[in-house]
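The values are calculated or read from the model by the stated rules, or taken from the named source; none is laboratory data. From a predicted model like this one, the values you see are computed outputs, not experimental measurements. Neighbour counts are summed over all protein chains in view; Cβ atoms, including those assigned to glycine, are modelled from backbone coordinates with ideal geometry.
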Amino acid sequence: MKNIKNILIVMAATIFSVALASHALAQETPFSIENVPNVVGVGVAMVPDYEGSNNYKVGAAPFFKLTYPKTQWYAQLIATELYVNALNHPFLRLGPVGNFRFGRNDTFDVDDKTVKKISKIDNTWEAGGFVGVEFIDSNNPRNRFSASATFLSDVSNVYK
């Protein structure tokens, strides 16, 4: 599942970058990332049937980031994870996170005999929080350094 999320994040970032680049080329003045606090889109990628699988299928994932004007408050969806930054601070980020984790059906077509023996896992809702930092170069806001940690726990009682 971690690989699926990483693939979807990379695809979403690529689509977002292409959209920003085409928008920047249409401008007569240099493009400033601070002028684009809101974005909405859908990423498309090839994802494995399960983590470690050699079989892939096409997957799509929505993404958005909506920022409250003139603040650092935002809501951000990346595939199945929803982040809400509740801290209006120039470089600190803190807030709740919700996630939907797809389960594993025991009836899917698997060639590996060992994987076929693994039991079904139901879809899961997870909730928790995140904390992070984001330093933005005041001379060029496209230059950024960010680091964060996310803490999630099962709230639908699937992980027993």
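Looking at region 49-71, which of the residues that are closer than 20 Å to F130 by Cα and in contact with a strand residue (DSSP E or B) (Cβ under 6 Å, 6 or more places away or on another chain) is modelled with the lowest pLDDT?
Looking only at region 49-71, we keep the residues that are closer than 20 Å to F130 by Cα, and these are 63-68, 71.
From what is left, the residues that are in contact with a strand residue (DSSP E or B) (Cβ under 6 Å, 6 or more places away or on another chain) are 63-67.
Working: F63: 85, F64: 88, K65: 88, L66: 91, T67: 90.
The selected residue is F63.
Being at pLDDT below 90, surrounded by 12 or more Cβ atoms within 10 Å (Cβ to Cβ), closer than 28 Å to A45 by Cα and of a type in the set (D, E) narrows it down to one of D106, D154, so name that one. Before the answer, list the steps.
Values: D154 fails: at pLDDT below 90.
So the residue among D106, D154 that is at pLDDT below 90, surrounded by 12 or more Cβ atoms within 10 Å (Cβ to Cβ), closer than 28 Å to A45 by Cα and of a type in the set (D, E) is D106.
Please go through region 41-97 and pick out each residue that is of a type in the set (F, W, Y), surrounded by 14 or more Cβ atoms within 10 Å (Cβ to Cβ) and either within 21 Å of I121 (Cβ to Cβ) or in contact with a helix residue (DSSP H, G or I) (Cβ under 9 Å, 6 or more places away or on another chain) (or both).
Y50, F63
Quick check on V158: is it out of contact with any helix residue (DSSP H, G or I) (no Cβ under 9 Å at 6 or more places or on another chain) and in a strand (DSSP E or B)? Quick ask: steps written out before the conclusion?
On the way: out of contact with any helix residue (DSSP H, G or I) (no Cβ under 9 Å at 6 or more places or on another chain): yes; in a strand (DSSP E or B): no.
No.
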